[in-house]
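Everything below concerns the one structure shown next.
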Amino acid sequence: MNDSATTTAETLRSALAGLLAGLPQKQATAAVERLISNYRGLTPTDTPVLRNRSDVAAYAAYRMPATFEAARSALDGLAEAAPDWSPASHVDVGGGTGSAAWAVDAIWGGPRETAVLDWADPALVLGKELAAASDSPALRAAEWRRTVIGAGMALPDADLVTVSYVLGELVPEARREVVAEAARAGQAVVVVEPGTPEGYLRIREARDQLIEAGLRVAAPCPHDGTCPIVVGRDWCHFSTRVSRSSLHRQVKGGSLPYEDEKFSYVAATRFPVEPAASRITRRPQIRKGLVLLELCGPESEGHTHVNVTKRHGDLYKAARDADWGQEWPPPQKEA
């Protein structure tokens, strides 16, 4: 994580601190447990998941750091594929309390028109309150607009459209319409879902829709061809580390100060990009004198396993430092 992203993450954590003050622990825990079921995709619906201030406070304190980190990681994949591009406008579909808006600010910063659209007024109100605590002019000036997410939704044109942790809340027809409208409105579209088999299938479907709409895949895939993963045997997902809040520890009873958020994503654009040559799709396995890498490569190669040994010299050193989700081989550093 770069310095800007670190500062943004710290500011967000500070803004979330004390959010649950005055909310009874049992009420917060009950809200979190219901929200967990929704965000695992177990209860698709056509009504808002965040219903009141208690729901929103519990969601923001418990889930916002994780969805921020997942969105930031996905957007970083887009930024790597388009290093000279930055969005001057951003529309966040189903943005809730604004995780993706914060993530965009962490990656690109600078002036930007931001609109966060959601169908839950309490989420928008709290999101605006959190944004007011930011040092970012773009976040503080963001528009927070109540919008029904689903069939018939019309989005303003934007450089970047994000759809983060939303599709699992929708019935299939509404899901397809949201992705279609995002593809129409955005020069770049980033869709993020939980890193479950079901979340991956929603991303896979969205990826196909974006390609059919004329966009090209920027990340994580190295190509626009058919995904090489056999459905039912595996699923494409990645992981990012998240500092646990006190509510995390209360609900899960864990003692570790962190947890790993698993997520699936696709980023696609209407402008030229340089996707990764290959992508590391599982945590590298380090053995004595050997690193085992699982890769998604060019369409002609598909899903492969690579052994990197000491005989590979500098590449072996890079493999030992490599992480899940990174490009492989690592880009050459300029002299």
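Note on region 181-217: residues that are touching a Leu at 6+ places or on another chain (Cβ under 6 Å), outside any strand (DSSP E or B) and closer than 20 Å to A81 by Cα amount to 1. Note on region 92-175: enclosed helices (runs of 4 or more DSSP H) holding 2 or more residues that are at pLDDT below 95 and open to solvent by less than 10 Å² (accessible area, probe 1.4 Å) are 121-132.
Take L50 and tell me if it is hydrophobic (A, V, I, L, M, F, W, C), surrounded by 20 or more Cβ atoms within 10 Å (Cβ to Cβ), over 21 Å from V192 (Cα atoms) and at pLDDT below 75. Judged against the criteria, L50 is not a match. Please determine whether any residue of region 190-199 is touching an Asp or Glu at 6+ places or on another chain (Cβ under 6 Å), within 23 Å of M64 (Cβ to Cβ) and surrounded by 24 or more Cβ atoms within 10 Å (Cβ to Cβ). Yes, there is a match, as at least one residue in region 190-199 is touching an Asp or Glu at 6+ places or on another chain (Cβ under 6 Å), within 23 Å of M64 (Cβ to Cβ) and surrounded by 24 or more Cβ atoms within 10 Å (Cβ to Cβ).
If you go through region 292-330 and keep only what is over 24 Å from F263 (Cα atoms) and touching a helix residue (DSSP H, G or I) at 6+ places or on another chain (Cβ under 8 Å), you end up with V308, T309, K310, H312, Y316.
Which members of region 299-316 meet the condition of being of a type in the set (A, V, I, L, M, F, W, C), under 29 Å from V230 (Cα atoms) and either in a loop (DSSP other than H, G, I, E, B) or open to solvent by 30 Å² or more (accessible area, probe 1.4 Å) (or both)? Within region 299-316, V306 is the sole residue that qualifies. Answer yes if at least one residue in region 268-290 is on the phi > 0 side of the Ramachandran plot, more than 26 Å from the chain's Cα centre (by Cα) and in a loop (DSSP other than H, G, I, E, B), and no otherwise. Yes - at least one qualifying residue is present in region 268-290.
The values are calculated or read from the model by the stated rules, or taken from the named source; none is laboratory data. What you see is a predicted model, and the numbers here were worked out from it, not measured in a lab. Don't worry about glycine lacking a Cβ; one is built from the backbone with ideal geometry, like all the others, and counts go over all protein chains shown. Note: accessible area is taken over every heavy atom of the protein model, side chains too, but ligands, DNA and RNA are not part of it. Shrake-Rupley method; radii C 1.70, N 1.55, O 1.52, S 1.80 Å.
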